[in-house]
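Worksheet: one structure, shown below.
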Amino acid sequence: MEAFTTHTGKAVPLRRSNVDTDQIIPAVWLKQVSRTGFEKGLFAAWREDPSFVLNDPAYAGASILVSGPDFGTGSSREHAVWALQQYGFRVVIAARFGDIFRNNSTKMGLLPVVLPGDRVEELQAAVEADPELQVTVDLVERQVRWAGETVSFEIDDYTRWRLMEGLDDIGLTLRHADAITTYENGRQPWLPTTV
Amino acid sequence: MGRTLAEKVWEQHVVRRADGEPDLLYIDLHLIHEVTSPQAFDGLRLAGRKVRRPELTIATEDHNVPTVLGPIADPVSKTQVETLRKNCAEFGIRLHPMGDAGQGVVHIIGPQFGLTQPGMTIVCGDSHTSTHGAFGGIAFGIGTSEVEHVLATQTLPAYRPKTMAIEVSGELPTGVTAKDLILAIIAKIGTGGGQGHIIEYRGEAVRKLSMEGRMTVCNMSIEAGARAGMIAPDETTFAYLKGRPHAPSGEAWDQAVAYWKTLKTDDDAVFDKVVEIDASTLTPFVTWGTNPGQGLPLGERVPDPESFTDPVERSAAERALEYMALTPGTPLRDIEVDTVFVGSCTNGRIEDLRSAAEILRGRKVATRMLVVPGSMMVKKQAEEEGLHEVFKAAGAEWREAGCSMCLGMNPDTLKPGERSASTSNRNFEGRQGKGGRTHLVSPQVAAATAVTGRLTAPADL
């Protein structure tokens with residue numbers, strides 16, 4: 001995955017809560033067997049509404065999505081992460097995330113940033129007042145900065161390190177192949193196999 | 001200090017633990033289906049990797065499949081299913097394809113084969129994997145990157161979630177089901193209430209649930225935001241498992257049961273969070289909005305957004321009512337539906353079909369009604385019991401196994417503006433088809449609703 005250290009760009013405010021992954025990428029888009037082309041399906045139903053925020057030219061080119069709470073709930077579809085990234089987003093900021101979505105994001109290098117709800121709203125308001133506002137998301141310092149404001153966020157050291165290095169989990173796990181084999185040799189004898 | 005059930009199962013599966021890193025967790029069973037696996041297999045090929053333990057992996061075709069006999073008409077769906085077949089053949093994974101006697105919704109077939117057992121870790125690229133926790137294991141949904149990781153290593157790096165107890169005291173009144181219970185729980189704690197937690201459902205009402213009912217409850221843990229849901233195994237669990245094709249037998253059965261009996265939360269264990277709910281106060285529950293937390297007892301009215309003090313909830317309610325085309329103050333019982341769907345990994349098991357059939361016996365449906373068994377084995381059993389004749393005589397459609405109208409990925413969908421009463425798990429905007437409106441209900445309420453054409457409890461008939 002692409003490494004993430006710090007990113008500065010325009011942001012777009014999504015003033016909705018419970019943005020489930022069915023909204024981020026509707027099921028009809030999940031039939032593809034490739035990993036590309038999902039940007040066209042991003043918020044496909046909502047984008048049909050001309051007043052939807054992503055259709056506002058003022059926010060064209062934004063790379064930071066600032067959403068209401070409980071972003072990415074529901075289905076485990078990683079396609080939601082692919083769609084956001086392929087559309088051009090590098091960061092999603094919200095007060096709460098669905099667990100699976102947040103996990104999927106960190107596997108792909110899309111940074112989910114949890115900020116307190118009132119700070120999310122402040123940022124949304126700032127972006128609405130000035131869509132050209134430059135917002136910096138600094139993973140090294142664990143900070144979001146805009147127009148003189150600095151807000152810290154939490155992320156565990158290991159996930160931060162993986163994101164900053166752009167490391168592939170499978171490669172990391174395979175360093176411990178011996179431990180896996182040892183564990184396997186001690187598994188309970190009655191556990192089922194599918195054959 | 002004692003340990004919770006979740007902690008016991010987790011500890012049993014830690015392959016490697018190091019300071020400042022997530023645990024490396026061994027995965028006992030990996031379920032796959034056509035939607036979330038193709039890019040994972042591509043990743044393996046690209047890196048020249050094999051599937052580490054194909055015999056701990058099982059595949060089925062469910063999300064895309066039509067529920068009427070015949071080939072898949074949609075070429076894109078067809079390609080996805082064919083891709084799964086090719087991948088399973090190439091990597092040596094057992095697949096239950098369309099038409100196979102073992103085919104069905106991924107979360108129905110694991111338990112029916114006896115592959116889902118107490119104390120196991122189970123994952124699948126599907127959020128409703130939480131279903132399998134009903135047997136007392138840790139089961140959770142993962143994304144495609146993690147599917148690839150499990151295929152390659154049979155492990156996952158993960159931090160142990162926090163623990164949450166939902167204590168359900170009392171007894172569910174007659175006519176109130178596991179589905180009503182879980183809908184009431186989600187309405188109480190919210191769609192984010194379980195985030196970062198594994199929920200253990202406990203208490204008298206939970207102990208009295210059948211395995212089917214327990215699966216319905218655990219299935220929708222994800223709708224409360226939880227990573228997983230689980231229920232300690234007991235005699236009900238053992239009785240369900242005994243004699244199933246992949247369950248242990250003979251001496252191994254005795255060994256297994258002796259271990260399974262240790263899988264319960266110690267009396268002095270402490271949960272990170274505890275929620276209490278009194279089952280005896282519950283009545284049939286339905287959703288009115290566009291997330292599963294927006295639900296109320298059927299006897300209530302469509303809420304007024306102004307009644308929500310939290311501004312986020314208020315604006316969510318406004319949006320939901322607009323999408324659902326509902327007016328505040330309307331009795332929920334007055335809401336008319338076009339379509340009734342009985343099926344899905346939430347309510348597509350034999351007990352669900354029996355309870356819906358019981359209500360339809362000798363009655364006619366007033367709406368379109370799809371009855372979709374969760375698997376071919378459920379279908380066969382239902383037909384042996386004559387349930388299909390009851391459904392057909394009532395005017396309902398009796399279908400082949402699949403995910404069907406749960407998710408708008410196959411030919412079974414709502415048209416824009418259509419409204420359903422559905423036994424599935426999500427009432428998201430467009431979930432059952434673009435512009436479709438969904439009310440989540442139990443199989444009993446679904447059947448009664450089909451009879452009257454309005455949201456109806458069986459007791460109202």
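A compact table of results
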quantity	calculated
Residue within segment B:261-282 that is buried (at least 24 other Cβ atoms within 10 Å of the Cβ) and either in contact with a Leu (Cβ under 7 Å, 6 or more places away or on another chain) or touching a residue at least 60 places away in the same chain (Cβ under 8 Å) (or both) present	no
Filtered residues of segment B:1-60 (kept if aliphatic (A, V, I, L, M), away from chain A (no Cβ under 11 Å) and more than 25 Å from the chain's Cα centre (by Cα))	B:Met1, B:Val51
Which numbered condition B:Arg368 fails, given (1) out of contact with any helix residue (DSSP H, G or I) (no Cβ under 8 Å at 6 or more places or on another chain); (2) at pLDDT below 95	(2)
Output for segment B:430-461, where each listed residue is among the charged types (D, E, K, R) and surrounded by 24 or more Cβ atoms within 10 Å (Cβ to Cβ)	B:Arg431, B:Arg437
Any chance A:Glu78 is more than 14 Å from chain B (Cβ to nearest Cβ) and not basic (Lys, Arg)	no
Check on B:Pro292, within 30 Å of B:Gly175 (Cβ to Cβ) and either within 14 Å of another protein chain (Cβ to nearest Cβ) or of a type in the set (S, T, N, Q) (or both)	yes
Residue match in segment B:64-72 (condition: at the interface with chain A (Cβ under 10 Å from one of its Cβ atoms) and over 29 Å from A:Trp190 (Cβ atoms))	yes
Qualifying residue in segment B:200-213 (condition: among the aromatic types (Phe, Trp, Tyr) and either assigned to a loop (DSSP other than H, G, I, E, B) or more than 28 Å from B:Ala316 (Cβ to Cβ) (or both))	no
Subset tally (residues that are assigned to a loop (DSSP other than H, G, I, E, B), surrounded by fewer than 24 Cβ atoms within 10 Å (Cβ to Cβ) and at negative phi) for segment B:214-249	9
Evaluation of B:Leu95 against (1) closer than 30 Å to B:Gly299 by Cα; (2) assigned to a strand (DSSP E or B); (3) in contact with a helix residue (DSSP H, G or I) (Cβ under 8 Å, 6 or more places away or on another chain) (one fails), failing number	(1)
Filter result (aromatic (Phe, Trp, Tyr) and either closer than 27 Å to B:Val123 by Cβ or assigned to a strand (DSSP E or B) (or both)) within segment A:66-88	A:Phe71, A:Trp82
Complete set of residues in segment B:389-404 that are in contact with a helix residue (DSSP H, G or I) (Cβ under 8 Å, 6 or more places away or on another chain) and buried (at least 23 other Cβ atoms within 10 Å of the Cβ)	B:Val390, B:Phe391, B:Ala396, B:Ala401, B:Cys403, B:Ser404
Residue ranges of strands (runs of 3 or more DSSP E) in segment B:1-75 with at least 3 members among the polar types (S, T, N, Q) and at pLDDT 95 or above	none
Test set (1) touching a His at 6+ places or on another chain (Cβ under 6 Å); (2) part of a loop (DSSP other than H, G, I, E, B) - B:His107 fails condition number	(2)
Condition check for B:Gly386: surrounded by fewer than 22 Cβ atoms within 10 Å (Cβ to Cβ), out of contact with any helix residue (DSSP H, G or I) (no Cβ under 6 Å at 6 or more places or on another chain) and either away from chain A (no Cβ under 14 Å) or hydroxyl-bearing (Ser, Thr, Tyr) (or both)	yes
Residues satisfying the stated conditions in segment B:239-267, i.e. at the interface with chain A (Cβ under 8 Å from one of its Cβ atoms) and of a type in the set (A, V, I, L, M, F, W, C)	B:Ala247, B:Ala252, B:Trp253, B:Ala256
Residue that is farthest from B:Asn425 (Cα to Cα), among those in segment A:67-121 that are crowded, with 24+ Cβ neighbours inside 10 Å and among the acidic types (Asp, Glu)	A:Glu78
Any hit, segment A:3-23, residues being free of Cβ contacts under 8 Å to residues at least 24 places away in the same chain, within 24 Å of B:Val65 (Cα to Cα) and assigned to a loop (DSSP other than H, G, I, E, B)	no
Residue that is farthest from the other protein chains (Cβ to nearest Cβ), among those in segment A:165-186 that are more than 12 Å from B:Arg52 (Cβ to Cβ) and touching a helix residue (DSSP H, G or I) at 6+ places or on another chain (Cβ under 9 Å)	A:Leu167
Residues of segment A:122-157 satisfying the condition of being in a helix (DSSP H, G or I), surrounded by fewer than 16 Cβ atoms within 10 Å (Cβ to Cβ) and within 13 Å of chain B (Cβ to nearest Cβ)	A:Asp157
Scan of segment A:15-42 for residues that are more than 11 Å from every other protein chain (Cβ to nearest Cβ), closer than 23 Å to B:Gly436 by Cα and surrounded by fewer than 23 Cβ atoms within 10 Å (Cβ to Cβ), ordered by number	A:Lys40
Filter result for B:Ala325 (aliphatic (A, V, I, L, M), modelled with pLDDT of 95 or more and surrounded by fewer than 18 Cβ atoms within 10 Å (Cβ to Cβ))	yes
Residues satisfying the stated conditions in segment B:333-358, i.e. more than 18 Å from B:Thr67 (Cβ to Cβ) and surrounded by 24 or more Cβ atoms within 10 Å (Cβ to Cβ)	B:Val337
Count - residues of segment B:159-186 that are crowded, with 20+ Cβ neighbours inside 10 Å and within 14 Å of chain A (Cβ to nearest Cβ)	3
Members of segment A:90-108 found to be under 26 Å from B:Thr129 (Cα atoms), within 8 Å of the chain's Cα centre (by Cα) and not hydrophobic (A, V, I, L, M, F, W, C), listed by number	A:Arg102, A:Asn104, A:Ser105, A:Thr106
Candidate set: segment B:110-158, residues that are more than 7 Å from every other protein chain (Cβ to nearest Cβ) and hydroxyl-bearing (Ser, Thr, Tyr); chosen: the one farthest from B:Met377 (Cα to Cα)	B:Thr121
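Residues are listed down the side, and each one gets a yes or a no for (1) among the small types (Gly, Ala, Ser); (2) in contact (Cβ under 8 Å) with a residue 60 or more places away in the chain; (3) in contact with a helix residue (DSSP H, G or I) (Cβ under 6 Å, 6 or more places away or on another chain):
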position	(1), (2), (3)
B:Gly125	yes, yes, yes
B:Gly136	yes, yes, no
B:Val147	no, yes, yes
B:Val150	no, yes, no
B:Met164	no, yes, no
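The values are calculated or read from the model by the stated rules, or taken from the named source; none is laboratory data. All values reported here derive from a predicted model rather than from experimental measurement. Cβ atoms come from the backbone with ideal geometry, glycine included; neighbour counts cover every protein chain shown.
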